[in-house]
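What follows is a set of notes on a single structure, which appears directly below.
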Amino acid sequence: MSPVEGIPEVLSSFSDEITQKVVSQVKHYLSDANLNHDTYMRKTIEENDGWVPVAALARFNRLRQLMELPFDDKKQTSKKKQALPPVPQHMVRLLGSSIKKAIGEDDEVEVKEDASAIRRKVAYVPTEDWFERTVHFKGLDYGVEWADLIDDLTAYFNEAIEGDNVLLVRLRRNPRTKQFKGNVLVEFKTPEQAESASKREDLEFKGKKLEPAMLPAYHDTKLAADEFIQPEMRKPGASYPTYEEWCVAHGRQPKPEKRKAEEPAEEPVDPKSLVRFTGVEGNPSIKEIKEALGQLGKVRFVEYESEASEGIARFDSAIAEELEKHAEGVKLNEATLQLAAVDEDTANAFFERAKAAADNARGKKRPGRGGRGRGGRNKRSRF
C-alpha cells in the first residue's frame, strides 16, 4: 500500500544523532522531575509493574517529531485540530530496537528483551522538594511557541545559569485555550541554583527580558492578592479551592463549559472480523471489492488504495469459518483474491487508522463552500 502522507515508507534505522535525542527524551519521560507532574506516565508505570510500552511512547509529540512523523507543531489555532495519523507498527518496532541498542548496562533504565517496553531500574518515589527548587520566569510573548521551544529554553538556562543544572522546563498555559502564556517554570537540581537564578536581572531569551522569581515567593504573592492558583503552581500537600469554588467565593460567575455533542460509545471490534485480501488486479472500485467479498458475509468497511494489489476488509462479525470455506479465494473480475486472517499488530494498526479517520470525519465541516476535491490517485479509500 502507498504510505500515509508524512510517514516514511521504509526506514531501517535512525541516525546516531536522532537515536541519542530519542534515548534522552525517553529517559526524561521516566525521570523523577517529569513523573512528579506527569499523571499519565505515573498511571502507566503503576499499572504495568513499572513498564511503559514503546507503542505508548511513540505517540508522544516530541518523539513523533524526532521520528519525522506528523506531529502537533502548536501553530494550528483552530478549535478542531485534525487528528494525527497513528504511528505505524514498523516505526514502533524501530523505536524500540533503537532504544534497546543504545541503552547500556549502567543506564538507569532497562528495555524488555523484545524491545516492546522500557522501565526504570529504581522504582519512582514521589518527591515534594521540587517546589523549593523551581523558578518562575515571565516575559515571553503570549501565544508564541514552536516545536523545539522547551529544548531551546533548557539549553539557554543550562548555559546561562551555572551549566547543565536544569531538570525540567514547563510551559504555563491558559487553562481554557491551552495557549502558551509566555511564562515558564524551571526546576533546578538544587535550591541554591534556583535561588541564584532568581536573582539574575540580565537574562534575555531571543531578545525578551526575563523576570525571575522563586516559585514559593511568586505563589505567596498571588495567594496574598487572593488570585486563583493554577494547578502547576500549587504547593505539594496544600489544599486549594476548585475554580468554581473560587468564583463563588469572589462573587464571580465561572464561564460555562461548552457542552460537546454526545458521541455514541465505540463498539468493541473483534480482530477475527478482519480479512486481508491480496491479488487485486485492474484497479477495481470499492463497490466491486465489497461485492466479491460479500460471499463471506456482510462487509462493514474496506481499506484499499487505488492501484494497490491488496487491502483489508472488516466484516460485521468474525468469519473464521467462512475463511476456511473460501480457502481457494474469491473471484473479482478476472482475478482471484487470496484471503487470510490478520495478525495482532496488523489488527491494532488497522483499528488505530480507522479511529483516526472517524475522528477526522467528526471534525470536518459539512461541505457547502468550495469544491470537493477528490485528491490524488493514491488517496486512501475507506467505506
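The values are calculated or read from the model by the stated rules, or taken from the named source; none is laboratory data. Quantities reported herein were computed from a predicted structural model and do not represent experimental measurements. We place every Cβ from the backbone using ideal geometry, glycine too, and count neighbours over all the protein chains shown.
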Neighbours by Cβ (under 6 Å, 6+ apart or cross-chain): first from the stretch 307-331, within 20 Å of PRO271 (Cα to Cα) and in the same structural domain as GLY294 (by TED's automatic domain parsing); second among the hydrophobic types (A, V, I, L, M, F, W, C) and in a helix (DSSP H, G or I): ILE312/PHE350; ALA313/LEU293
Residue among ALA147, ALA123 that alone is among the hydrophobic types (A, V, I, L, M, F, W, C), under 19 Å from LEU66 (Cα atoms) and touching a residue at least 60 places away in the same chain (Cβ under 8 Å): ALA147
Check on PHE180, of a type in the set (Phe, Trp, Tyr) and in contact with a helix residue (DSSP H, G or I) (Cβ under 6 Å, 6 or more places away or on another chain): no
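I need the full set of residues from the stretch 324-348 which are closer than 15 Å to VAL87 by Cβ and either among the hydroxyl-bearing types (Ser, Thr, Tyr) or modelled with pLDDT of 80 or more (or both), in order please. Working first, answer last.
The initial filter retains those residues of the stretch 324-348 that are closer than 15 Å to VAL87 by Cβ, namely 345-346, 348.
Within the stretch 324-348, THR346, ASN348 qualify.
For the stretch 45-94, what are the residues that are of a type in the set (D, E, K, R) and modelled with pLDDT under 85?
Of the stretch 45-94, the ones of a type in the set (D, E, K, R) are 46-47, 49, 59, 62, 64, 68, 72-75, 79-81, 93.
Of everything in the stretch 45-94, those that are of a type in the set (D, E, K, R) and modelled with pLDDT under 85 turn out to be ASP72, ASP73, LYS74, LYS75, LYS79, LYS80, LYS81.
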Tabulated pairs, the stretch 278-294, first outside the structural domain of TYR304 (by TED's automatic domain parsing), second of a type in the set (A, V, I, L, M), C-beta under 6 angstrom, 6+ apart or interchain: none
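Out of all the residues in the stretch 91-106, which are in a loop (DSSP other than H, G, I, E, B) and in contact (Cβ under 8 Å) with a residue 40 or more places away in the chain?
First pass over the stretch 91-106, keeping only residues in a loop (DSSP other than H, G, I, E, B): 103-106.
Within the stretch 91-106, ILE103 is the sole residue that qualifies.
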Meets criteria (modelled with pLDDT under 90 and surrounded by fewer than 16 Cβ atoms within 10 Å (Cβ to Cβ)) for ALA354: no
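So that you can scan it fast, the table gives a plain yes or no per residue for (1) in a helix (DSSP H, G or I); (2) within 15 Å of TRP130 (Cβ to Cβ); (3) touching a Ser or Thr at 6+ places or on another chain (Cβ under 6 Å); (4) of a type in the set (Val, Ile, Thr):
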| residue | (1), (2), (3), (4) |
| --- | --- |
| THR154 | yes, no, no, yes |
| GLU159 | yes, no, no, no |
| VAL169 | no, yes, yes, yes |
| PRO175 | no, no, no, no |
| GLU192 | yes, yes, no, no |
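Would you mind stating whether PHE188 is of a type in the set (Phe, Trp, Tyr) and in contact with a helix residue (DSSP H, G or I) (Cβ under 8 Å, 6 or more places away or on another chain)?
Working: of a type in the set (Phe, Trp, Tyr): yes; in contact with a helix residue (DSSP H, G or I) (Cβ under 8 Å, 6 or more places away or on another chain): yes.
So PHE188 passes the test.
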